[in-house]
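The values are calculated or read from the model by the stated rules, or taken from the named source; none is laboratory data. Just so we're clear, the structure is a prediction, and the values are computed from it rather than from any experiment. For neighbour counting, all protein chains shown are included, and Cβ atoms are generated from backbone atoms with ideal geometry for every residue, glycine included. Each accessible area value is taken on the protein alone, full model and side chains, heavy atoms only, with ligands, DNA and RNA left out. Shrake-Rupley method; radii C 1.70, N 1.55, O 1.52, S 1.80 Å.
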Amino acid sequence: MEFSNSCELLLELRKKDLLKNRPKYWWPNVGTFEVVMGAILTQNTKWDNVEKALNNWKSENKEWRLEEVATFEPSFLAEIIKPAGFYNQKAKRLIALSRNILRDFGDFENFKENVSREWLLAQKGIGFETADSILCYACFRDTMVMDAYTKRLLKKKGYEFESYDDMKDWFERGVEENWDRVAEFYENDLNLCYARFHGKIVEFMKHG
Ligand code: 39A
């Protein structure tokens, strides 16, 4: 696979039908609080373990609700999310984050509309990748997530960046500078493009 900008990479990946049988935006249940849970739970663990942790709660026909998580005791939440590892730390951080969302935004809908990257990065346990995952998949912002898969793919092709934001700028610039071509595939939905682009990279690196 050869490419000289991110749009060309996107076109190469599109040929491979990597998102067959996946949700439209790749991440399950986009636009819900479950994405916030998943974005934190996926730190330092495999996605399969995240799904087990999320399903421990959902299997009893419950959805993940911000207002409920904010009231949990850390030990109670830790037990539910155990499969995702680092469960005591993640439980404390998820509860603190939920309480901060309620304190500063009142509810999840207002959070989705008004949260900024800066607000997210100021929360304990949220770095660039987690913040961008929440913005892209929970809040539907036009932003592209960089992760270990993205970095590895680019490194294999001879691209290395000094920082997370340099790599992100390279991706977003490639799309924006070729917007006419990209818009055609995604019916002018930029978020769909960034979400599916990231999803394609992850699936390609995991399963080829
Ligand atoms: N590493 C990952 C994933 N692998 C994933 N899916 C598969 C669906 N998500 C949503 C996040 N991180």
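Percent relative contact order of the range 71-208, based on C-alpha pairs within less than 8 angstrom and at least six residues apart? Present the calculation step by step, with values, prior to reporting the outcome.
Values: 97 pairs, mean separation 24.5, N = 138.
Relative contact order of the range 71-208: 18 percent.
When all protein chains stay in place and ligands, DNA and RNA are ignored, the 1.4 Å accessible-area order of Met205, Met37, largest first, is Met205, Met37.
Taking the Cα centre of the range 33-138 as reference, the dipole from Cβ charges on Lys and Arg (+1) and Asp and Glu (-1) amounts to some 380 debye.
Filter the cross-link list Lys24/Lys92; Lys20/Lys92; Lys62/Lys90; Lys92/Lys156; Lys16/Lys151 down to pairs whose alpha-carbon distance in this structure exceeds 28 Å. Result: Lys24/Lys92; Lys20/Lys92; Lys92/Lys156 exceed 28 Å. Kirkwood radius, the chain, all distinct C-alpha pairs, inverse of mean reciprocal distance: 17.8 Å.
Here Ser59 and Arg103 are evaluated by their C-beta separation; at R0 = 22 Å the FRET efficiency comes out at 0.15. Using the empirical formula 2.2 N^0.38 Å as the baseline, the Cα radius of gyration of the range 136-208 reaches a ratio of 1.09.
When the Kirkwood hydrodynamic radius is evaluated over all pairs of different C-alpha atoms of the range 33-138, what value in angstrom, to one decimal, is obtained? Kindly include the intermediate steps, with their values, before the conclusion.
On the way: mean 1/r = 0.0734 Å⁻¹.
When all Cα pairs of the range 33-138 are included, the Kirkwood radius is 13.6 Å.
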